[in-house]
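Okay, structure first, notes after.
The values are calculated or read from the model by the stated rules, or taken from the named source; none is laboratory data. On a predicted model such as this, the values are computed, not experimentally measured, just so you know. Don't worry about glycine lacking a Cβ; one is built from the backbone with ideal geometry, like all the others, and counts go over all protein chains shown.
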Amino acid sequence: KAGVTQTPRYLIKTRGQQVTLSCSPISGHRSVSWYQQTPGQGLQFLFEYFSETQRNKGNFPGRFSGRQFSNSRSEMNVSTLELGDSALYLCASSLGAEGETQYFGPGTRLLVL
Amino acid sequence: QKEVEQDPGPLSVPEGAIVSLNCTYSNSAFQYFMWYRQYSRKGPELLMYTYSSGNKEDGRFTAQVDKSSKYISLFIRDSQPSDSATYLCAMIPFSSSASKIIFGSGTRLSIRP
């Protein structure tokens, strides 16, 4: 089974721009979660989508948004980029049931200049 | 106080040594316990998954959960330089999906040849 894939792998943007990241989950997985990982803050939960609906949300500003398509693929959008948004953005998929663990993609490394 | 505490390290041991990595937690509702390994600039990779208390062994890796002490451990036998990575513990509360997962901050492990 193919793993979680994320595109692009690397991005360089400037402050004020917006960015869209894409995630394709493992086949059959209906839940997709997004995380921001930085050296200082560790892994921080952004949001989770399940069957095209946002099921859970972390404590991030409204500049961070996402969506999920009928094939479970998900996109994350960050508008009005700030320097502090530089991070590794990780997508994780799971079946979405109780106790099911998550499988992570390789991440998209975003650098905001 | 964080829900999950993990010593950030770094931890440096010689090749062949037994490594012990630990996490403590405060929420007694945690029921599902995981260890992830993350190499530099890569996404976390699921290593071990344990339900409730007890031990689980997989090759050179043993995961141990002591719910009475709210303490989990990962042991690595015959450590290899390829084991050098950051190890993240993670837990999910009872009756919750993977999106409720809480991660430790990670322990950086270095195996000296």
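Whenever a residue of segment A:75-91 is under 9 Å from A:Thr20 (Cα atoms), its partners that are small (Gly, Ala, Ser) and surrounded by 14 or more Cβ atoms within 10 Å (Cβ to Cβ), lying with C-beta atoms within less than 6 angstrom and at least six residues away or across chains, give the pairs A:Glu75/A:Ser22; A:Met76/A:Gly66; A:Asn77/A:Ser65.
Taking the criterion of being assigned to a strand (DSSP E or B) and of a type outside the set (Lys, Arg), the residues of segment A:1-30 that qualify are A:Thr5, A:Gln6, A:Thr7, A:Tyr10, A:Leu11, A:Ile12, A:Val19, A:Thr20, A:Leu21, A:Ser22, A:Cys23, A:Ser24. Listed conditions (1) assigned to a loop (DSSP other than H, G, I, E, B); (2) hydroxyl-bearing (Ser, Thr, Tyr); (3) in contact with a helix residue (DSSP H, G or I) (Cβ under 6 Å, 6 or more places away or on another chain) are all met by A:Ser33, apart from (1).
When segment B:81-113 is filtered for residues that are more than 14 Å from the chain's Cα centre (by Cα), part of a loop (DSSP other than H, G, I, E, B) and either within 14 Å of chain A (Cβ to nearest Cβ) or on the phi > 0 side of the Ramachandran plot (or both), the ones remaining, listed by number, are B:Phe94, B:Ser95, B:Ser96, B:Ser97. Scanning segment B:55-65 for residues that are closer than 16 Å to B:Ile92 by Cα and exposed (fewer than 12 other Cβ atoms within 10 Å of the Cβ) returns no hits. Taking (1) in contact with a Lys or Arg (Cβ under 6 Å, 6 or more places away or on another chain); (2) on the phi < 0 side of the Ramachandran plot in turn, B:Asp78 satisfies each apart from (2).
When the strands (runs of 3 or more DSSP E) confined to segment A:47-113 are screened for residues that are surrounded by fewer than 18 Cβ atoms within 10 Å (Cβ to Cβ), those reaching at least 3 such residues are found at A:53-57.
For every residue, the table says whether it meets (1) in contact with a Cys (Cβ under 6 Å, 6 or more places away or on another chain); (2) of a type in the set (A, V, I, L, M, F, W, C).
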site: A:Val19; (1), (2): no, yes
site: A:Cys23; (1), (2): yes, yes
site: A:Tyr49; (1), (2): no, no
site: A:Phe64; (1), (2): no, yes
site: A:Ser72; (1), (2): no, no
site: A:Ser86; (1), (2): no, no
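Of all residues in segment B:23-37, which are farther than 14 Å from B:Ser97 by Cα and in a loop (DSSP other than H, G, I, E, B)? Scanning segment B:23-37 gives B:Ser26, B:Asn27, B:Ser28. With respect to the conditions (1) over 27 Å from A:Ser33 (Cα atoms); (2) at pLDDT 95 or above; (3) touching a strand residue (DSSP E or B) at 6+ places or on another chain (Cβ under 6 Å); (4) not basic (Lys, Arg), B:Gly9 falls short on a single one, namely (2). Reported count of residues in segment B:63-80, each being closer than 14 Å to B:Met34 by Cα and part of a strand (DSSP E or B), is 9.
Condition test on B:Ser110, is it among the small types (Gly, Ala, Ser), farther than 17 Å from B:Gly43 by Cβ and touching an Asp or Glu at 6+ places or on another chain (Cβ under 6 Å)? So B:Ser110 does not fit the description; no.
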